[in-house]
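Taking it in order: structure first as structure tokens, then the write-up.
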Amino acid sequence: MNYRTVLLIIFVILCAHTSFAQQPFTFVKTDEPVSLWKALAWDVLPGGGHIYTGHYEYAAVFAGLKISGVYAMYYYYNYWQYRGSLYRSAKKANEAIDPEHDLLFKDPEGGYKTVKEFGYAYDRAAHYFTLSILANAAIYITSWLCTWYHVQEINESRQPTYVGFNQFSFTTDENGTMWASCTMRW
Amino acid sequence: MSLNNKTIVLLLAIVLATGCLHEPVDEEYFDDLSRVKGGQKPTPPVDLSMTINNYIITLSFYTDKIDNGQLLTYDPDTGSNENLYYLVYISATDPAQFSDPKLYYDIKYYVGYVAETDFEEGVDPKVVTIQISSSYHGPVYVWMTSHDGGRESDHSEVVNGDIP
């Protein structure tokens, strides 16, 4: 088999293959990239950013953490206010009833406490509230970082790409010779 | 769908209720003596006197004296003195010079205590002795209080002596 026959066979196969994928030569995006700012804004809601990026298992975990975190803040804020009211009430009562002695007041959570001890419990409650705020900040920052990472990951696979196609033609001259040509564009 | 809504409302109610477990109390909350350990404060021992002999202080006091049919030393919550402890304080400086009346009850001057039940019932005066270090020379001021397990009384009169 001479080389012309081989070339002709390759040409025919190539044309047959590419003829089914004829597309105009163009510059297209395979898909729209995900907006980082929209994803981060959605992530203010529990699991919102992860649903936006399609990571539902992350959404479930962070939704749980965020709801628990907000509830912890609500709980410890109330607890802080409550311990503060007990402290102020005990201080006022001690001064009114017997300022020369450190009285022991019944703590609703059990046992007895002096005014100073109620003050310590008030401080502890403030620490719990502060910690709950820090925990929420940590959860939100972690969630945003995960969202940012997922957006980057998605957008990497959505970079603009070139799509090419092949064009082939047959011509015959006055001497009866057939000419075949192929143009490949990318 | 309505079941889901009910479930959500129930969960929210539980969340709000647990948050409200710690509703702040009003300022008068502890003005109620039932919330103060010991309730009303007892009265102190009376007629305190002291003798000093060879670095031993002998303190005598009365707790069963009656005035108008009422014990002078008693716990108003029980009406008796059976549950009382008697605390002894001692100082080398005159407590009248204390900058803060709270110092009368400061642990710095506290020596120890005896219980009403340590003595024979109804017998007065009651006597306790305190051994002083032989290296000490100078004035001694002693006073007492009663304690009902929760609250301490005002202090008794202060007696003083001198160790040569």
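The values are calculated or read from the model by the stated rules, or taken from the named source; none is laboratory data. Note that the structure is predicted; figures quoted are calculated from it, not measured. As a convention, Cβ positions derive from the backbone with ideal geometry for all residues, glycine included, and neighbour counts pool all protein chains shown. Please note that ligands, DNA and RNA were not included when accessible areas were found on the heavy atoms of the full protein model with its side chains. Shrake-Rupley method; radii C 1.70, N 1.55, O 1.52, S 1.80 Å.
Key figures
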read-out: Estimated inter-spin distance, A:Ala180 and B:Ser135, nm [label 7 Å along Cα→Cβ]; value: 12.1 nm
read-out: Per-residue HN-Hα couplings for region B:36-45 [Karplus 6.51, -1.76, 1.60; θ = phi - 60°; Hz; x = Gly/Pro]; value: 10, 5, x, x, 7, 7, x, 9, x, x
read-out: Surface share of carbon and sulfur [accessible, 1.4 angstrom probe, percent] for region B:40-163; value: 48 percent
read-out: Estimated vicinal HN-Hα couplings, Hz - region B:65-70 in sequence order (Karplus 6.51, -1.76, 1.60; Gly, Pro = x); value: 5, 10, 10, 6, x, 10
read-out: Test item: B:147-157 mean partner chain Cβ contacts at 10 Å; value: 2
read-out: Across A:Lys116/B:Lys41; B:Lys65/B:Lys102; A:Lys66/A:Lys106, pairs whose alpha-carbon gap is larger than 31 Å; value: A:Lys66/A:Lys106
read-out: Tensor-based shape of region B:33-90 (alpha-carbon gyration tensor, a/c under 1.5 rounded, otherwise prolate or oblate); value: oblate
read-out: Interface B:A - total buried accessible surface [probe 1.4 Å, Å², rounded to 100]; value: 2400 Å²
read-out: Partners for B:Lys126 among aspartates and glutamates (Cα-Cα distance below 13 Å; same-chain residues under 8 apart left out); value: B:Asp47, B:Asp64, B:Glu116, B:Asp118
read-out: Shielded residues, region A:58-85 - accessible-area loss of 30 Å² or more between chain alone and all protein chains, probe 1.4 Å; value: A:Tyr71, A:Tyr74, A:Tyr75, A:Asn78, A:Tyr82, A:Ser85
read-out: 1.4 Å probe accessible area per residue over region B:40-163, in Å²; value: 51 Å²
read-out: Segment B:Cys20-B:Val123, length gained on full extension (0.36 nm per residue, minus Cα span); value: 31.5 nm
